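Q: I'd like to ask you about the structure that follows.
The values are calculated or read from the model by the stated rules, or taken from the named source; none is laboratory data. These figures come from a predicted structure and were not determined experimentally. Quick reminder, even Gly has a Cβ in these numbers, built from the backbone with ideal geometry, and neighbours come from all protein chains shown.
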Amino acid sequence: MHTDAETTFVRVYGARTALLGVVGFTFVTLGMIRSFALLFTLATVLPLLDAVASVSRIGLGHKLVARRHHARPHGRQRRALAADRANPASRSQPWRGSSNDNRLFRTLLLLPLIGLALILPASAAAHGSAPGSAQTFTQAIGPYELAITIQIPQRAPAPLLLAIAPQDDMRDTTISLRLAPRGQSFANAPAVQVRATNPPQPLYNAQLQVDGTGDWDLEARVEGAKGQGVARLPFSVVNPPLSVATVALLIAIGGLIVTMIVSIGLEGLAQRRKQPMPGWVNRLLGDVLFACVIVAVIFGVQQFLDSLRATQAAASGTPISGRPHVNVVLGTAPRVPLAGQPLTLTLDLSDGSTGLPVEDLSLHHEALMHLVVISSDGGFFAHLHPPRLAPGRFAIALTPDRPGRYTAYVEIERQDSGLQAIARDFQVGGTPAADPAPPPGFGSREIGDLRVSVSSSLTPLRAGRQATLTFSFNAGGAPVMDLQPWLEMAGHLITRSADGAVYGHIHATERMAPGGPGPVTVRYGPDIRFVDTFPQPGRYQLWAQFRRAGKIVTVPLTLEVEK
C-alpha cells in the first residue's frame, strides 16, 4: 500500500511528464528540432536533481546516512525521527520544506533569471549593427577623401555624434553637415560646419540631432582650394519587433516572478494563521514554476545560440539569408570622354527582382562601394570610393590618361547577403599611344623612397595551387615598421587576368585593425603577406596597396602562372 507521499510524488511527476510530452510534441510538429533537443536534455537532468531534493525533504536522508555509517542518529536527526513517528501526517506534505529551504530555492532560481535577462536583445538596431555602434564611411567627396564615423544612438531623439578623419591634405577646407529623414529635402535641415585647420588635425568632431527612429541621410559637403563635392551617407535607427522566442522568454520570466511573489505571500499568510498551506496549492505552484523554468531555459538558450550564430556569421562574412542580385548602369559625362580630360562616372544600382533603387548596402571595409577602374593594357589603375548622391546613385570624377577600353569593377555588399563584384566597360577616346612596358614580377623595385621586394612561397606559380605572396619593405637600408592600416587592413591586393576574365580583391593576412574614430596605433612591417590561388594559367596583372605616412603606396607587378 502506498503512502500519501508516494501517491503525491507519482501524481506530480505524472503531470510534469504529460506537460513535457505536450510541449515536445508541439516542438516536433512546428519543426523546432533544436528546442526539442533542449527539452529532452532538461527532462533527463531536472528529475534527477529534483529527486535528490525530494528524498531530502521526505525525510529519508538522515535515515540513510545513519544506516550507512552504522551509527545511532543524534541531535537533529533524533528529533526528526521522533517527529516522524509522533506525527506521520507531516510526511504527507513533502513538497513544502522549511522556510529556509524555500528561500534558498528562490535565491537559486533568481540566478538563471538574471542570466536570461542579460541575453535579451536590445531594443534598437542600426543598419545591420548593434545599437550604439559606430559606422565609418570612407568616401571621396569631390577631390578630398575622408572617413566619417557615425555613432548610432540607442534611442531617439538623441544627439548624433560625428568624427571626421581626413585621408589626405584638407587644410583650409570647410565641411558642412546636414541631417534629414530619407526622402525629405535638406533645405531647412539644421547644419553644422567644421573648418579644417592649418596645420590639419587627425580628427574633427561634430554633433547633430536625430529626432526619431527610421531612415536618415547625412549630407556631407566639402569646399576647398582643390574643388568641392557632396555625399549623402545612409543610416537607420529602427525598433525591431520582438521574436516569438523573445516573447515566450519574457512571458516565462514574468510567470516565474509572479509565481514566486504569490508563493511568498501565501506562505506568509499561512504562517500568520499558523496553518499549513493546502497540498494542492503547493503542487500547483510547483507545477507552474516547473513549466516556467522549462520554457525560460529552452527559449533563453535558443535565443543565445541564435545570437551567437548571427555574430559568428557576421564575423566570418557568411550571409544569414540572401537577396536578389544588383544591376549596375554605368554612365559617363561627357558621354564620349577623352584621354587626359576629367570625366564623371555615374553608377545607378537597382534591385534585380524589383527594379527599385538599391538602398540596403552594408559597409564593407568602411565603404559602401569599392570601385576599381583598370585600362585594358593595365597601365591605368585607380581604387576609388564613390560618394552616394541619392538612393541607388553613386558618382565620382577621375581623369583617364590613355585612350581605349576601361573596366570598372563595382564591389558592393547588401544587408544579409554576400559580396558582389560587377564589371562594366566604357570607352575613352583620343590618340592611341604605344603600349606601356609591363611592370616587373618577383624581385625588388623602387617605389618613391621605399624599396619593395616581392617573393612567393611557390615558384613557379601554378594554376589551382595556393601561394603566399610576400611584400617586404625597406627604407634607407632599414626595415620599414610603420605601415599603417588602410580600410581596416594591412594591405589590399587586386588581381586580374590579362584578358579580364578573372578578377580578385584579396586582403593581407596580418591582423585586422580596429575600426571607429580616433587615431589607430596598429602598425605593420616589414613583411605583408597575401594568400591566393590563381584559377587559370596565363598572365596576371596585380596591384598591391599599402598606407604609409597617410599616403597610399601602390606596387604594380606582372606574374606568369603555369599549368
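Q: Considering only residues that are more than 16 Å from residue 218 (Cβ to Cβ) and modelled with pLDDT of 90 or more, which ones fall in the stretch 145-165?
A: Of everything in the stretch 145-165, just one residue is more than 16 Å from residue 218 (Cβ to Cβ) and modelled with pLDDT of 90 or more, namely 145.
Q: What are the residues in the stretch 278-298 that are aliphatic (A, V, I, L, M) and touching a residue at least 12 places away in the same chain (Cβ under 8 Å), if any?
A: Of everything in the stretch 278-298, those that are aliphatic (A, V, I, L, M) and touching a residue at least 12 places away in the same chain (Cβ under 8 Å) turn out to be 281, 285, 288, 289, 291, 293, 294, 295, 296, 297, 298.
Q: Another question, then. Kindly indicate which of 475, 463 is within 16 Å of residue 555 (Cβ to Cβ) and outside the structural domain of residue 339 (by TED's automatic domain parsing).
A: 475
Q: I need the full set of residues from the stretch 489-525 which are part of a loop (DSSP other than H, G, I, E, B), buried (at least 18 other Cβ atoms within 10 Å of the Cβ) and not hydrophobic (A, V, I, L, M, F, W, C), in order please.
A: 491, 510, 515, 517, 525
Q: Related question: For the stretch 327-350, does any single residue satisfy the condition of being modelled with pLDDT of 80 or more and more than 30 Å from residue 428 (Cα to Cα)?
A: No, the stretch 327-350 has no match at all.
Q: Condition (residue is in a strand (DSSP E or B), surrounded by fewer than 16 Cβ atoms within 10 Å (Cβ to Cβ), out of contact with any helix residue (DSSP H, G or I) (no Cβ under 7 Å at 6 or more places or on another chain) and at positive phi) applied to the stretch 223-232: is it met by at least one residue?
A: Looking for residues that are in a strand (DSSP E or B), surrounded by fewer than 16 Cβ atoms within 10 Å (Cβ to Cβ), out of contact with any helix residue (DSSP H, G or I) (no Cβ under 7 Å at 6 or more places or on another chain) and at positive phi, one finds at least one in the stretch 223-232, hence yes.
Q: Sticking with this structure for a sec: Kindly list, by first and then second residue, each pair from a residue in the stretch 521-534 that is among the polar types (S, T, N, Q) to a residue that is exposed (fewer than 15 other Cβ atoms within 10 Å of the Cβ) and part of a strand (DSSP E or B), limited to pairs with Cβ atoms under 7 Å and residues at least 6 apart or on different chains.
A: Correct list of pairs: 533/466.
Q: Right, another one. Would you pick out the residues in the stretch 394-406 that are in a strand (DSSP E or B) and surrounded by fewer than 17 Cβ atoms within 10 Å (Cβ to Cβ)?
A: Passing the criteria: 397, 405.
Q: Quick check on my filter: what residues within the stretch 251-282 are assigned to a helix (DSSP H, G or I), over 42 Å from the mean Cα position of the chain (by Cα), surrounded by 15 or more Cβ atoms within 10 Å (Cβ to Cβ) and not polar (S, T, N, Q)?
A: If the condition is that a residue be assigned to a helix (DSSP H, G or I), over 42 Å from the mean Cα position of the chain (by Cα), surrounded by 15 or more Cβ atoms within 10 Å (Cβ to Cβ) and not polar (S, T, N, Q), then 266, 267, 270, 279, 281 are the ones that fit.
Q: I've got another one for you. Looking at 508, 434 in this structure, which one is modelled with pLDDT of 95 or more, among the small types (Gly, Ala, Ser) and within 27 Å of residue 371 (Cα to Cα)?
A: 508 is the lone residue from the list that is modelled with pLDDT of 95 or more, among the small types (Gly, Ala, Ser) and within 27 Å of residue 371 (Cα to Cα).
Q: Filter the stretch 152-191 down to residues that are assigned to a strand (DSSP E or B) and either in contact (Cβ under 8 Å) with a residue 24 or more places away in the chain or in contact with a helix residue (DSSP H, G or I) (Cβ under 6 Å, 6 or more places away or on another chain) (or both), then give me how many there are.
A: Residues in the stretch 152-191 being assigned to a strand (DSSP E or B) and either in contact (Cβ under 8 Å) with a residue 24 or more places away in the chain or in contact with a helix residue (DSSP H, G or I) (Cβ under 6 Å, 6 or more places away or on another chain) (or both): 17 in total.
Q: Of the residues that sit in the stretch 323-382 and are out of contact with any Leu (no Cβ under 9 Å at 6 or more places or on another chain) and in a strand (DSSP E or B), which one is surrounded by the fewest Cβ atoms within 10 Å (Cβ to Cβ)?
A: If we take residues in the stretch 323-382 being out of contact with any Leu (no Cβ under 9 Å at 6 or more places or on another chain) and in a strand (DSSP E or B), then 338 is surrounded by the fewest Cβ atoms within 10 Å (Cβ to Cβ).
Q: Just for the stretch 210-224: of the residues that are small (Gly, Ala, Ser) and out of contact with any Leu (no Cβ under 8 Å at 6 or more places or on another chain), which one is nearest to residue 237 (Cα to Cα)?
A: Looking at the filtered set, the residue picked out is 214.
Q: Could I ask something else about it? Are there any pairs with C-beta distances below 7 angstrom linking a residue in the stretch 441-460 that is touching a residue at least 24 places away in the same chain (Cβ under 8 Å) to a residue that is of a type in the set (Gly, Ala, Ser) and loosely packed, with under 12 Cβ neighbours inside 10 Å, with the two at least 6 apart or on different chains, and if so which?
A: 454/443
Q: Moving on. State the number of residues belonging to the stretch 363-391 that are more than 19 Å from residue 220 (Cα to Cα), under 27 Å from the mean Cα position of the chain (by Cα) and modelled with pLDDT under 95.
A: Adding up the residues that qualify gives 2.
Q: Here's another thing I want to ask about it. May I ask you to list the residues in the stretch 429-444 that are assigned to a strand (DSSP E or B) and out of contact with any strand residue (DSSP E or B) (no Cβ under 6 Å at 6 or more places or on another chain)?
A: Selection gives 443 alone.
Q: Name the single residue that is modelled with the highest pLDDT among those in the stretch 283-322 being surrounded by fewer than 13 Cβ atoms within 10 Å (Cβ to Cβ) and either among the acidic types (Asp, Glu) or not in a helix (DSSP H, G or I) (or both).
A: Among them, the one singled out is 322.
Q: Read through the list (1) under 19 Å from residue 168 (Cα atoms); (2) buried (at least 18 other Cβ atoms within 10 Å of the Cβ), then give the number of the only condition that residue 542 fails.
A: The number of the failed condition is (1).
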